[in-house]
Ligand code: SF4
Ligand code: SF4
């Protein structure tokens, strides 16, 4: 079992989750972060601190982001030859690379505040879309 970073992290990358992870298994790509499923110990520490609710247990991934389980896993699959951490060029999984810019002013403003997940509903009131 693993936790998974899905699309809301793209172009946000505030790294709040990185400081919470006890095993340093969250890695930074060019536009998003990725959880290495081979290293994740399923501790849940990262999920509540994400200000944009991008982190899910693999069993709880919304259907429209279900493919991010594969996106995170393939990022660390040497056979996929992706520009992952440790290589000369840090890049992204092709699914992420293909996305148009994700960070509108609404998401950027929320990210300044490192709000906890349970406060995210209030944050939506501060910055109505
Ligand atoms: S669930 Fe725990 S081990 Fe897995 S990525 Fe999150 S903080 Fe790290
Ligand atoms: S806390 Fe959320 S938005 Fe911030 S880097 Fe981690 S997954 Fe991305």
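The values are calculated or read from the model by the stated rules, or taken from the named source; none is laboratory data. The model shown is predicted, which means the values in this text are computed figures rather than measured ones. Please note: Cβ atoms are built from the backbone with ideal geometry, for glycine as well, and neighbour counts cover all protein chains shown.
Quick check on residue 71: is it in a helix (DSSP H, G or I), modelled with pLDDT of 95 or more and either surrounded by 13 or more Cβ atoms within 10 Å (Cβ to Cβ) or out of contact with any helix residue (DSSP H, G or I) (no Cβ under 8 Å at 6 or more places or on another chain) (or both)? Steps first, please.
Numbers: in a helix (DSSP H, G or I): yes; modelled with pLDDT of 95 or more: yes; either surrounded by 13 or more Cβ atoms within 10 Å (Cβ to Cβ) or out of contact with any helix residue (DSSP H, G or I) (no Cβ under 8 Å at 6 or more places or on another chain) (or both): yes.
It is true that residue 71 is in a helix (DSSP H, G or I), modelled with pLDDT of 95 or more and either surrounded by 13 or more Cβ atoms within 10 Å (Cβ to Cβ) or out of contact with any helix residue (DSSP H, G or I) (no Cβ under 8 Å at 6 or more places or on another chain) (or both).
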Within segment 11-29, the count of residues that are in a loop (DSSP other than H, G, I, E, B) and near ligand 2 (Cβ under 8 Å from one of its atoms) comes to 4
Mind checking which residues of segment 14-37 are within 11 Å of ligand 1 (Cβ to nearest atom) and either exposed (fewer than 15 other Cβ atoms within 10 Å of the Cβ) or at positive phi (or both)? 19, 22, 23, 24
